[in-house]
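Peer 1: Okay, handing you the structure first.
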Amino acid sequence: MSKLFSRLHHVCIVVHDLEKTVAYYEKLGVGPWYDYPKSDPYVEFEVPNREASKAMRYKCVDLENVQLQLCQPGELDSPQRRFLDERGEGVYHLGFEVPDRDEAEAEGRALGLPVIARGTRADRSGFCYFDTRKDAGVVLEVRKSARA
């Protein structure tokens with residue numbers, strides 16, 4: 001049995017208004033929030049719309065057991081923008097930490113999972129989004145964190 005989706009790293013929620021949503025969570029005692037850390041540039045970066053990807057804004061909070069990410073897509077066409085327009089705010093993807101990004105992508109492809117987007121940095125950290133919405137209800141992501 002595959003261990004591809006065994007270590008949950010984060011839950012990503014797509015929202016209309018990042019500041020308003022962060023303020024709401026802070027009123028509930030959830031924080032501190034920080035901007036998603038943009039690490040080293042990607043040596044491979046395949047996304048449906050590069051400009052839309054650049055325009056997305058993220059805020060994160062590290063809880064005791066998982067990271068929560070809020071994503072506000074820009075107005076340009078992207079899977080996140082379409083999700084927000086068609087379904088409203090909600091969980092867009094679950095992100096799972098893996099020891100090897102390349103192996104995880106290959107394993108997902110071998111399972112027949114279509115890739116929506118992928119990126120790899122020089123240190124082999126990065127991400128791969130699988131289009132599992134039809135069967136899982138959300139996108140499933142595998143990621144390897146950049147070295148600290």
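Peer 1: Translational diffusion coefficient, Stokes-Einstein: compute it for the chain using the Kirkwood radius over C-alpha pairs as Rh, at 10 °C and 1.306 mPa s, and state it as an integer in µm² s⁻¹.
Peer 2: On the way: Rh = 15.8 Å.
Once the numbers are plugged in, D ends up at 100 µm²/s.
Peer 1: Quick check on the chain: helices-only [θ] at 222 nm, where DSSP H runs of length 4 and up contribute -39,500 (n - 2.57) each and the sum goes over total residues. Nearest 500, please. Present the calculation step by step, with values, prior to reporting the outcome.
Peer 2: On the way: 5 runs with 39 residues, N = 148.
It comes out at -7000 deg cm²/dmol, rounded to the nearest 500.
Peer 1: Take the alpha carbon atoms of segment 103-136, find their center, do the same for segment 2-52, and report the distance between the two centers in whole angstrom.
Peer 2: 17
Peer 1: Something else now. What span do the alpha-carbon atoms of segment 85-135 cover on each of the three principal axes, reported in whole Å from largest to smallest?
Peer 2: So the extents along the principal axes, rounded to whole Å, are 36, 22, 15.
Peer 1: Quick one: P(r) of segment 6-69 from all Cα-Cα pairs, 5 Å bins, percents rounded to integers, in order of increasing distance.
Peer 2: Going out from 0 Å in 5 Å bins, segment 6-69 shows 4, 13, 22, 24, 18, 13, 6, 1 percent.
Peer 1: Also, I was wondering about something else. With θ taken as phi - 60° and the coefficients 6.51, -1.76 and 1.60, list the Karplus ³J(HN,Hα) couplings across segment 128-135 in order, rounded to whole Hz; mark glycine and proline as x.
Peer 2: Result, rounded to whole Hz: 8, 9, 9, 7, 10, 4, 5, 9.
Peer 1: Not counting the cut sites, what is the longest span of the chain without GluC sites (Glu not before Pro) that DSSP labels loop and that have at most 11 other Cβ atoms within 10 Å? Let's see the in-between values first.
Peer 2: On the way: sites that count: Glu64, Glu75.
The longest such stretch corresponds to 76-148.
Peer 1: A further question follows. Taking amide H atoms as placed 1.01 Å from N in the peptide plane, list the residues 5 or more away in sequence, or in a different chain, whose amide H sits under 5 Å from that of Ile13.
Peer 2: It is Gln69, Leu70, Cys71, Tyr92, by chain and number.
Peer 1: Scan around Ile116 for amide H atoms under 5 Å from its own, H built in the peptide plane at 1.01 Å from N, and keep only partners 5 or more places away or cross-chain.
Peer 2: For Ile116, whose amide H was placed from the backbone, the distant partners under 5 Å are Tyr129, Phe130, Asp131.
Peer 1: When the Karplus curve 6.51 cos²θ - 1.76 cosθ + 1.60 is applied with θ = phi - 60°, which whole-Hz ³J(HN,Hα) does each residue of segment 102-114 get, with x for Gly and Pro?
Peer 2: 5, 5, 5, 4, 4, 5, x, 4, 5, 7, x, 7, x
Peer 1: So for segment 45-111, considering every pair of alpha-carbon atoms, how many percent are separated by more than 18 Å?
Peer 2: 53
Just so you know, all these numbers are worked out from the coordinates, no wet-lab data involved. Keep in mind that what you see is a predicted model, and the values were worked out from it rather than measured. Positions of Cβ are backbone-derived with ideal geometry, glycine not excepted, and every protein chain shown enters the neighbour counts.
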